[in-house]
Amino acid sequence: KRHNYVRKVAETAVSLFIANDKPNVTGLILAGSADFKSELSGSDMFDPRLQTKVLKLVDVSYGGENGFNQAIELSQECLANVKFIQEKKLIGKYFDEISQDTGKYCFGVEDTMKALDMGAVETLIVWENLDVMRITLKNHQTEEERVIHIRPDDEQDKTLFMDGGVELEVLEKMALIEWFANNYKTFGATLEIITDKSQEGSQFCKGFGGVGASSGTKLTFSPFEVFDHHYEK
């Protein structure tokens, strides 16, 4: 039975981590609370192409997600370049700025856009699943253009596309994250796309709207004026 389990795990590893006859990962961490990880790594059933990718064997005290997170914590040196670790460090540094009240940060769509326009953003941080649309509108009577940021569901609210009884023309509509990706270099910023898989990432997405920025200088507007009324849930 044990033999069959080793074979099954080894086969599953191949299906997950071998693509086009070569590993699709730069490294593997084998973690567990007993000796199975050692047995797997030394087994001739474990694909040799993956054996060469094993960076570390880790003893963990838990199963499931807690064990997975503990394995990451215990393997930080090996995983220094893995995005998950980079993400935790990035957002951790951002949270440090907030806790120290340095003023060198902002969050929310509108304040982040203000900071970009000021040329004050060093690092733009955006959740990969940010559900905000950037829409450019034009009033043909006044020739004025304006930009609004709304959630897709709010597109049904026709009042957002009116100005004093005049229906506004939609000149451009795109996902805000796409606009960021196309334009961040124009503002001299770096762009970091993050997930909500880490504790820090989840807190950033749920508590800060999934978009924010850090600055090298203190920002003059209030960082607590987070969303305009188009963006509030």
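Suppose R0 equals 45 Å; then what is the FRET efficiency for residue 43 and residue 181 from their Cβ-Cβ distance, rounded to the nearest 0.05?
Details: r = 44 Å, r/R0 = 0.97.
It comes out at approximately 0.55.
How large, in percent, is the carbon and sulfur part of the accessible surface of the chain at a probe radius of 1.4 Å?
48 percent
Any aspartates and glutamates with Cα under 20 Å of the residue 197 Cα? List them, leaving off those in the same chain fewer than 8 positions away.
In chain and number order, the partners are 65, 73, 77, 87, 96, 128, 131.
As a quick test, which of the pairs 8/37; 89/185; 88/114; 185/206; 37/89 have an alpha carbon distance above 18 angstrom in this structure?
89/185; 88/114; 185/206; 37/89
Within segment 74-177, which GluC sites (Glu not before Pro) sit in a loop by DSSP and count at most 14 neighbouring Cβ atoms inside 10 Å?
Passing both the DSSP loop test and the Cβ count: 77, 128, 143.
Arrange the residues 17, 84 by how much accessible surface each exposes, largest first, with a 1.4 angstrom probe.
17, 84
On a 0 to 90 degree scale, rounded to 10, what angle separates helix 83-99 from the longest Cα axis of the chain?
It works out to around 50 degrees.
Relative contact order for segment 1-92 using alpha-carbon pairs under 8 Å, separation at least 6, rounded to a whole percent?
26 percent
Quick one: accessible area per residue over the chain, 1.4 Å probe, rounded to a whole number of Å²?
Accessible area per residue, the chain: 59 Å².
Taking only Cα atoms, what is the 0 to 90° angle, nearest 10, from helix 199-208's long axis to the longest principal axis of the chain?
10 degrees
Quickly work out the residue 160-to-residue 18 label distance, labels modelled 7 Å from Cα along the C-beta direction, and quote it in nm with one decimal.
In this crude spin-label approximation the distance works out to 5.0 nm.
Treating the beta-carbon of each Lys and Arg as +1 and of each Asp and Glu as -1, no other charges, what is the dipole magnitude of the chain about its Cα centre, to the nearest 20 debye?
1280 debye
Take the chain, connect every pair of alpha-carbon atoms lying under 10 Å apart with a spring to form a Gaussian network, then pick out the residue of 111, 157, 131 with the largest mean-square fluctuation.
Of 111, 157, 131, the most mobile in the Gaussian network model is 157.
Specify the angular offset, from 0 to 90 degrees and rounded to the nearest 10, of the alpha carbon long axis of helix 64-74 from the longest principal axis of the alpha carbons in the chain.
Taking the Cα atoms of the chain, the angle to 64-74 is about 90 degrees.
The values are calculated or read from the model by the stated rules, or taken from the named source; none is laboratory data. Computed from a predicted structure; not experimentally measured. Neighbour counts run over all protein chains shown; Cβ positions are idealised from the backbone, glycine included. Surface accessibility is based on the protein's heavy atoms, side chains included, excluding ligands, DNA and RNA. Shrake-Rupley method; radii C 1.70, N 1.55, O 1.52, S 1.80 Å.
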